[in-house]
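Remarks on the structure that follows.
The values are calculated or read from the model by the stated rules, or taken from the named source; none is laboratory data. Keep in mind that this is a model prediction, so the values were computed, not measured. Glycine also receives a Cβ, built like all others from the backbone with ideal geometry; neighbour counts cover every protein chain displayed.
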Amino acid sequence: MANQLDSTPGLLGYVRDVSLRDDEILRELRRETADLPGGVAMQVMAEEGQLLGMLVQLTGAAQVLEIGTFTGYSTLCMARALPVGGRLVTCDITHRWPAIAAPYWRRAEVADRIELRVGDAVDTLAALSAERGPGSFDLAFIDADKANYPTYYELCVDLVRPGGLIIIDNTLFFGRVIDPAAQDADTVAVRELNATLCDDERVDLSLLVMADGITLLRKR
Ligand SMILES: C[S@@+](CC[C@H](N)C(=O)[O-])C[C@H]1O[C@@H](n2cnc3c(N)ncnc32)[C@H](O)[C@@H]1O
């Protein structure tokens, strides 16, 4: 069995050089976000944004749900990849960060495909379930407060259609998942969710050792 390659800074730089398709809107949004406290850690890395766009294209997802907008980088990457008529609902608990995103979404001409819902995402997802019913999304991307990950996952299993995709970000959580000393609520929630997913008969899964860990789950 081949082993996982160590990802050195040199190798990651090479990957970026030979595979990242970038543009001025993405670069400017990354620059503006990097100036915010904790901005770099919160935003998906550029390569992950590109992967999210590809996953939207590969699945042909026309109804996309995102939990955790922040300054809208992952939103932008997925919205650009939507088919004609596709829509993306993105949730955040505050207007503060998505307000930064809005001009970039307009510049990229995807603002009309994006619906922002502000409030606690648990309430937003319950409202979406009541409004649209189970199975109403083709793809869901979970990237908000980690302590609620198990709840978001359960709600997404309901909201995503059979054959649809659930993507969970930060499933290695800066490596803390394997540190027994890390017992904070966020780490415990991610660790516990990871432990249940492998035996969850409702989904097929793959955990990608990319960025901070990205788990892909196809709903059966
Ligand atoms: C890691 S960031 C999302 C990053 C984003 N996907 C990107 O690529 O830029 C997490 C976001 O979740 C939001 N958030 C935290 N708790 C939340 C909650 N209970 N409900 C909804 N959003 C929440 C935060 O305000 C923050 O903007």
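Quick notes
- Checking each residue of the range 157-172 against the condition of being modelled with pLDDT of 95 or more, part of a helix (DSSP H, G or I) and within 16 Å of the chain's Cα centre (by Cα) gives at least one match.
- Listed by first and then second residue, the pairs with beta-carbon distance under 9 Å, at least 6 apart or on different chains, first residue in the range 206-220 and more than 24 Å from GLY135 (Cβ to Cβ), second among the acidic types (Asp, Glu), are MET210/GLU47; MET210/GLU48; ALA211/GLU47; ALA211/GLU48; ALA211/ASP169; ASP212/GLU48; ASP212/ASP169; GLY213/ASP169.
- The numbered conditions (1) near the ligand (Cβ under 8 Å from one of its atoms); (2) without any contact (Cβ under 8 Å) to a residue 40 or more places away in the chain; (3) touching a strand residue (DSSP E or B) at 6+ places or on another chain (Cβ under 7 Å); (4) not aromatic (Phe, Trp, Tyr) are all true for ILE67 except (2).
- Within the range 22-55, the residues that satisfy the criterion of being away from the ligand (no atom under 12 Å from the Cβ) and touching a Phe, Trp or Tyr at 6+ places or on another chain (Cβ under 8 Å) are ILE25, GLU28.
- Among the residues listed as ALA99, ALA108, ALA81, ALA61, the single one being more than 21 Å from ASN170 (Cα to Cα), touching an Asp or Glu at 6+ places or on another chain (Cβ under 6 Å) and surrounded by 11 or more Cβ atoms within 10 Å (Cβ to Cβ): ALA61
- Among the residues of the range 70-95, those that are over 22 Å from MET45 (Cβ atoms) and near the ligand (Cβ under 9 Å from one of its atoms) comprise ILE93, THR94.
- Residue list for the range 177-191, filter: more than 15 Å from LEU207 (Cβ to Cβ) and outside any loop (DSSP other than H, G, I, E, B): ALA185, ASP186, THR187, VAL188, ALA189
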